[in-house]
Amino acid sequence: MKKTILLSIPLLLSILACPLLYILVGPPLDAVQLSTLKILGIIAGSSALYCFVVGQLSGNNSQMDKLWSLLPIAYAWIIAARGGMAPRLVVMAILATLWGARLTFNFARKGAYSLRFWEGTEDYRWQVLRSRKEFQPRWKFVLFDFFFISIYQNALVLMTTFPALVSMNSTVPFGWVDVLAAVLCTAFLLIETISDEQQWAFQTKKWGMIGEGRKLEELPDPYNRGFNTVGLWSRSRHPNYLGEQGMWCSFYIFSVGAGIGIINWSIIGALLLVALFLGSSTFAEEISKGKYPEYAYYVKTVNRYFPGKKYTSPEA
């Protein structure tokens with residue numbers, strides 16, 4: 001029950017923080033922005049309904065995972081179009097597209113997408129959660145699927161594009177703050193790309209050797225550990241998460257460049273994404289500790305996100 005409560009914290013924060021930030025620090029949305037938000041809200045709501053219904057009927061709760069990388073692209077270009085294709089909005093939409101294309105490719109090569117759209121490889125963490133006693137009997141996970149996987153995650157994805165929404169009516173020219181935001185977004189996108197490629201290469205090689213009939217402990221170093229300690233992963237336990245969070249936090253900086261203010265309510269998406277990844281990384285590490293004996297030592301010696309001291313095996 002404690003873990004269930006912890007998983008609910010981001011949802012409660014969003015319910016309370018978003019309207020409070022809107023009221024206290026603004027800026028208020030004009031008529032065009034409100035009508036745009038209505039369009040985006042209809043898409044997000046339809047997506048939430050789709051994810052819940054198809055996820056329940058198919059038993060595959062990764063329906064939202066498939067849309068996670070696609071929806072921000074649609075949101076960003078809708079905002080750009082309704083904002084008159086202003087340079088700042090176009091740059092934001094291009095960056096969202098590059099981010100989405102990379103993530104879609106990474107998820108697709110893991111077998112997530114299928115011509116039978118309701119099928120595909122499901123994120124292993126949903127399978128683990130469904131089996132937990134906290135989600136027994138089944139109706140508890142159904143509620144979790146409805147409120148967290150379907151509704152909350154769709155709302156969060158929409159919130160990450162709020163910096164573009166609040167920048168729609170800006171009269172401030174594209175300037176150095178926007179350039180800084182674009183450079184940071186690109187840098188974090190590069191970090192995420194490199195870390196995912198390193199992870200893909202490591203896991204492909206590991207499972208290839210296991211597929212030949214070799215046991216994990218019989219594999220050569222570093223594959224015998226079971227988890228990646230190569231490249232960026234030797235200095236950060238989740239360099240891909242660092243890139244993901246950094247990308248959307250940098251995306252927020254565009255709203256500052258638009259003259260909206262250093263602190264404005266569109267920051268809510270980035271903040272809640274950080275909270276979500278904190279819980280997600282903790283949960284993933286809990287699973288890894290149960291699978292790989294050396295992982296607990298890895299957690300103790302390597303930073304969660306920001307690169308630090310290089311990992312060395314306890315036997316070294």
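Compute the length gained on full extension between Leu57 and Thr121: take 0.36 nm times their separation in residues and subtract their Cα-Cα distance, giving the result in nm to one decimal.
Full-extension gain reported as 21.5 nm.
Would you please put 112-118, 87-93, 260-266 in order of how densely packed they are, using the mean number of other Cβ atoms within 10 angstrom per residue and starting with the highest?
Per-residue mean Cβ counts within 10 Å order the peptides as 87-93, 260-266, 112-118.
Compute the distance in nm between two label points, each set 7 Å from the Cα along the Cα-to-Cβ direction, one at Phe105 and one at Leu180.
About 3.0 nm, to one decimal.
So how long is each side of segment 133-177 along the principal axes, counting just the alpha-carbon atoms, biggest first, in Å?
56, 18, 7
How much length, in nm to one decimal, is gained on full extension between Glu286 and Ile42, taken as 0.36 nm per residue of separation minus their Cα-Cα distance?
84.2 nm
Can you pull out the GluC sites (Glu not before Pro) in segment 38-138 whose DSSP state is coil and whose Cβ has at most 16 other Cβ atoms within 10 Å?
Glu119
In the chain, carbon and sulfur make up what percent of the accessible area (probe 1.4 Å)?
Ligands and nucleic acids excluded, carbon and sulfur reach 71 percent.
When only the heavy atoms of the protein chains count and the probe is 1.4 Å, how do Glu294, Glu217, Glu244 rank by accessible area, highest first?
Ranked from most to least accessible, the order is Glu217, Glu294, Glu244.
Of the listed pairs Lys66/Lys300; Lys289/Lys310; Lys110/Lys291, which have alpha-carbon separations greater than 29 Å here?
Violating the 29 Å Cα-Cα cut-off are Lys66/Lys300.
Taking only protein heavy atoms into account and a 1.4 Å probe, give the accessible area per residue of segment 266-316 in Å².
Value for segment 266-316: 53 Å² per residue.
Classify the chain from the C-alpha gyration tensor, please: rounded if a/c falls under 1.5, else prolate or oblate depending on whether a/b exceeds b/c.
On the way: a/c = 1.90, a/b = 1.47, b/c = 1.30.
Note, shape of the chain comes out prolate.
What Rg and what Dmax come out for segment 274-316 when only alpha-carbon atoms are used, in angstroms?
When restricted to Cα atoms, segment 274-316 yields Rg and Dmax of 11.3, 35 Å.
For segment 224-316, just the Cα atoms, rotate onto the principal axes and tell me the three extents in Å, largest first.
54, 22, 16
For segment 85-237, would you read off the P(r) tail past 21 Å as a percentage of all alpha carbon pairs?
66
For Lys140 and Trp200, FRET efficiency with R0 = 35 Å and r from the beta-carbon atoms, rounded to 0.05?
FRET efficiency, Trp200 to Lys140: 0.55.
Where does segment 74-121 land on the Kirkwood hydrodynamic radius, alpha-carbon pairs, in angstrom?
12.1
Work out the FRET efficiency for Val299 and Thr171 from their Cβ-Cβ distance, taking R0 = 41 Å, and round it to the nearest 0.05.
0.25
Taking square-rooted eigenvalues a ≥ b ≥ c of the alpha carbon gyration tensor, is segment 37-84 rounded, prolate or oblate, where a/c under 1.5 means rounded and, failing that, a/b exceeding b/c means prolate?
In terms of gyration-tensor shape, oblate.
The values are calculated or read from the model by the stated rules, or taken from the named source; none is laboratory data. Quantities reported herein were computed from a predicted structural model and do not represent experimental measurements. Ideal geometry is used to build each Cβ from the backbone, glycine not excepted, and the neighbour counts take in all protein chains shown. The area values use the complete protein model at the heavy-atom level, side chains included, leaving out ligands, DNA and RNA. Shrake-Rupley method; radii C 1.70, N 1.55, O 1.52, S 1.80 Å.
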